[in-house]
Amino acid sequence: MTDPARVFRKLALNNAMANWRLHAAVAGLQAGEFESPRISFFPSLKATLNHILIVDWFYVDALEGGTLGPKAWEDEEPFDNASALYGAQRDVDRRLIDLCATLGPVELARIVAVHRGNRIQHDRMDDVLSHLFQHQTHHRGQVHAMLAGTSVKPPQLDEFIVGDDADNRLDALKALGLSEDDVML
């Protein structure tokens with residue numbers, strides 16, 4: 001039987017595991033590397049990781065039926081500390097996992113109101129989720145590339161989805177309090 005929500009549940013788990021790996025790498029940076037200017041869309045690891053978090057706040061709130069909207073951007077870098085930033089990221093990652101766990105065909109087709117300030121965007125939940133996962137993957141790739149110019153080796157980010165990746169995701173699953181059963185739903 002086909003379950004159209006399964007891919008979104010897996011992508012929410014992938015999102016959390018990739019964020020955990022990136023933030024674990026960032027935790028190993030030398031003093032000043034987190035804030036140091038870099039060449040990318042955003043000018044530092046700090047700015048890029050804060051952007052990923054803010055966009056998650058914005059979209060997850062909308063997907064949950066909230067009205068946070070542009071208030072999400074009131075502080076473009078709400079966290080100066082990488083550890084506190086990851087704590088907030090982990091919280092919103094959990095919200096996204098929990099939201100995706102409740103989805104079925106009816107919920108995926110539900111229209112989500114995304115508060116844009118001067119207008120409200122209306123799109124299907126599956127389309128908003130697809131957009132969110134693509135956006136976050138895009139910016140995590142930038143963080144990965146920026147890490148290549150630091151004292152820390154960029155982590156593996158693409159071994160979380162298929163069954164053959166089981167050994168490669170054990171560290172992330174354990175750190176997130178998840179199990180193999182959560183991934184192979």
Practice problem: Within the stretch 22-34, identify whether any single residue is among the hydrophobic types (A, V, I, L, M, F, W, C), at pLDDT 95 or above and in contact with an Asp or Glu (Cβ under 8 Å, 6 or more places away or on another chain), and answer yes or no. | Solution: no
Exercise. Test residue 99 against the criterion of being under 30 Å from residue 42 (Cα atoms), in contact with a Ser or Thr (Cβ under 8 Å, 6 or more places away or on another chain) and not β-branched (Val, Ile, Thr), and give yes or no.
Key: no
Practice problem: Looking only at the stretch 3-12, decide whether some residue is among the acidic types (Asp, Glu) and closer than 25 Å to residue 152 by Cα. | Solution: no
Quiz item: Is there any pair linking a residue in the stretch 127-145 that is in a helix (DSSP H, G or I) to one that is open to solvent by 40 Å² or more (accessible area, probe 1.4 Å), with Cβ under 6 Å and at least six apart or on different chains, and which?
Solution: 133/11; 142/40; 142/41
Exercise. Output yes when any residue across the stretch 11-25 is without any contact (Cβ under 8 Å) to a residue 40 or more places away in the chain and open to solvent by 10 Å² or more (accessible area, probe 1.4 Å), and no when none is.
Key: no
Quiz item: Residues in the stretch 105-117: is at least one over 21 Å from residue 178 (Cβ atoms), in a loop (DSSP other than H, G, I, E, B) and under 18 Å from the mean Cα position of the chain (by Cα)?
Solution: no
Self-check item: Verdict on residue 183 being at pLDDT below 85, of a type in the set (A, V, I, L, M, F, W, C) and crowded, with 19+ Cβ neighbours inside 10 Å
Solution: yes
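Does residue 53 count as within 18 Å of residue 11 (Cβ to Cβ), in contact with a helix residue (DSSP H, G or I) (Cβ under 9 Å, 6 or more places away or on another chain) and in a loop (DSSP other than H, G, I, E, B)?
Values: within 18 Å of residue 11 (Cβ to Cβ): yes; in contact with a helix residue (DSSP H, G or I) (Cβ under 9 Å, 6 or more places away or on another chain): yes; in a loop (DSSP other than H, G, I, E, B): no.
In short, no.
The values are calculated or read from the model by the stated rules, or taken from the named source; none is laboratory data. Fair warning: this is a prediction, and the values are worked out from it, not measured in the lab. Here Cβ is always computed from backbone atoms with ideal geometry, including for glycine, and neighbour counts include all displayed protein chains. Please note that ligands, DNA and RNA were not included when accessible areas were found on the heavy atoms of the full protein model with its side chains. Shrake-Rupley method; radii C 1.70, N 1.55, O 1.52, S 1.80 Å.
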